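Heads up, the thing below is written out as structure tokens.
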Amino acid sequence: MKRLGVLTSGGDAPGMNAAIRAVVRKCIYHNVEIFGIRNGYQGLIEGNIEQMDVGSVGDIIQRGGTKLYSARSEEFRTEEGQQKGISQLKRFGIEGLIVIGGDGSFRGAQKLTEKGFPCIGVPGTIDNDIAGTDFTIGFDTALNTIIEAIDKIRDTATSHERTYVVEVMGRNAGDLALWAGLADGAESILIPEKPDDMEEVIARLQRGIERGKKHSIIILAEGVGSGIDYCEKIQQAANLETRVTVLGHIQRGGSPTAQDRVLASRLGAKAVDLLLEGKAGRMVGIQNNKLVDHDINEILNVQHSIDEDMYKLSKELSI
Ligand code: ATP
């Protein structure tokens with residue numbers, strides 16, 4: 001292959017820029033031309049495509065967001081939209097495509113691969129909800145943002161002797177809530193993978209109060225329900241002064257951590273290697289600190305699961 005393309009799709013994640021940079025520089029290192037596609041699959045359909053050079057990815061490794069922008073594209077879900085995308089890729093002489101995004105973006109990449117256009121997926125999403133990789137790009141940065149926020153909330157929670165419900169991102173996956181809960185010593189962690197047991201949450205709060213605890217933090221993944229509703233429920237059931245903070249999109253932004261920059265650089269470069277080796281329909285990942293690749297179709301059929309031992313530990317430590 002002499003000419004490749006790269007796009008970012010779905011929700012942006014800190015570290016996507018480092019992945020773009022790695023793809024671009026690795027291509028140029030191998031004397032392969034590299035084209036950036038703006039606005040995800042929508043930009044692909046519209047032919048919003050431009051050649052990138054070494055300088056075009058300078059000064060972005062430390063930036064959040066994505067230099068190539070991201071978009072959701074309903075049109076690309078259709079057969080016609082996918083054919084338009086392939087026509088554009090052919091028009092620019094692009095022979096293989098690297099898609100940086102979440103599982104939805106991988107479904108799009110799989111559709112193109114099935115139609116004969118080779119694609120490789122790079123997992124970029126703060127949710128850490130993709131099977132076949134221990135971590136996705138952006139997870140570590142989002143986790144650190146949450147922890148910083150909760151540390152601040154804890155100060156005011158202690159001063160006013162309040163219970164705080166903190167709603168974090170994670171529609172289908174509780175990783176952010178679970179890791180943040182462990183890192184911040186939360187009293188309770190509520191995640192979509194585990195049934196919500198209000199009685200247990202209240203009992204744990206009461207035990208803390210009896211021990212003289214001045215504040216309590218409950219972390220709720222958005223997939224479980226609204227933080228505002230949950231806060232009201234706690235207030236009524238336990239008769240405790242309770243406040244809620246919905247962290248929202250601050251979790252998506254910010255400069256990527258060293259961990260995310262390194263991960264993104266390794267995964268982006270590996271994706272180029274796979275295309276140049278003639279592989280297609282694969283997703284790159286990291287497992288036990290080794291780079292791996294898996295069939296996208298197989299990965300999409302595996303439900304992401306939380307680490308049960310970590311969940312158990314979080315309960316043991318918040319007695
Ligand atoms: P995040 O995890 O941050 O939500 P994502 O990649 O899962 O990221 P989606 O909105 O699900 O985000 O998908 C991104 C884009 O991928 C969609 O807007 C659509 O263009 C394309 N896409 C998703 N599913 C399919 C599909 N089944 N077939 C073709 N394209 C798809």
Mind listing just one residue for me: the one in the range 184-200 that is open to solvent by 40 Å² or more (accessible area, probe 1.4 Å), of a type in the set (D, E, K, R) and under 24 Å from Gly11 (Cβ atoms) and, of those, modelled with the highest pLDDT? Glu193
All positions within the range 157-183 that are touching a Leu at 6+ places or on another chain (Cβ under 9 Å), open to solvent by 10 Å² or more (accessible area, probe 1.4 Å) and assigned to a loop (DSSP other than H, G, I, E, B): Arg162, Met169
Inspect the range 123-143 for any residue being at pLDDT below 95 and in contact with a helix residue (DSSP H, G or I) (Cβ under 7 Å, 6 or more places away or on another chain) and give the result as yes or no. no
Please verify whether the range 255-273 includes one or more residues that are at pLDDT 95 or above, surrounded by fewer than 24 Cβ atoms within 10 Å (Cβ to Cβ) and in a loop (DSSP other than H, G, I, E, B). yes
Restricted to the range 26-36, and to residues that are touching a Gly at 6+ places or on another chain (Cβ under 9 Å) and without any contact (Cβ under 8 Å) to a residue 60 or more places away in the chain, which residue is most open to solvent (accessible area, probe 1.4 Å)? Glu33
Within 28 Å of Gly65 (Cβ to Cβ), touching a strand residue (DSSP E or B) at 6+ places or on another chain (Cβ under 6 Å) and not acidic (Asp, Glu): does that describe Gly227? yes
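Yes/no matrix, rows are residues, columns are (1) over 18 Å from Lys115 (Cα atoms); (2) at pLDDT 95 or above:
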position	(1), (2)
Gly40	yes, yes
Ile45	no, yes
Glu50	yes, yes
Gly58	yes, yes
Gln62	yes, yes
Gly65	yes, yes
Arg72	yes, no
Glu75	no, yes
Glu80	no, yes
Among residues of the range 144-156 being within 28 Å of Gly285 (Cα to Cα) and open to solvent by 10 Å² or more (accessible area, probe 1.4 Å), the residue nearest to the ligand (Cβ to nearest atom) is Thr145
Within the range 7-18, can one find any residue that is more than 16 Å from the ligand (Cβ to nearest atom) and either among the charged types (D, E, K, R) or surrounded by fewer than 20 Cβ atoms within 10 Å (Cβ to Cβ) (or both)? no
Which one is nearest to the ligand (Cβ to nearest atom), of the residues in the range 52-74 that are in a helix (DSSP H, G or I) and surrounded by 15 or more Cβ atoms within 10 Å (Cβ to Cβ)? Val57
Of the residues in the range 37-51, those that are in a loop (DSSP other than H, G, I, E, B), in contact with a strand residue (DSSP E or B) (Cβ under 8 Å, 6 or more places away or on another chain) and touching a residue at least 40 places away in the same chain (Cβ under 8 Å) come to none
Considering only residues of the range 83-102 that are surrounded by fewer than 21 Cβ atoms within 10 Å (Cβ to Cβ), in contact (Cβ under 8 Å) with a residue 24 or more places away in the chain and in a helix (DSSP H, G or I), which is farthest from the ligand (Cβ to nearest atom)? Arg91
Kindly provide the set of residues from the range 109-136 that are more than 11 Å from the ligand (Cβ to nearest atom) and of a type in the set (Ser, Thr, Tyr), ordered by number. Thr113, Thr133
Looking at Phe106, Phe139 in this structure, which one is buried (at least 20 other Cβ atoms within 10 Å of the Cβ), among the aromatic types (Phe, Trp, Tyr) and near the ligand (Cβ under 9 Å from one of its atoms)? Phe106
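The values are calculated or read from the model by the stated rules, or taken from the named source; none is laboratory data. Because the structure is predicted, anything quoted here is derived from the model rather than measured. Backbone-built Cβ (ideal geometry, glycine too); neighbour counts: all protein chains shown. Heavy atoms of the whole protein, side chains included, go into the accessibility calculation; ligands, DNA and RNA do not. Shrake-Rupley method; radii C 1.70, N 1.55, O 1.52, S 1.80 Å.
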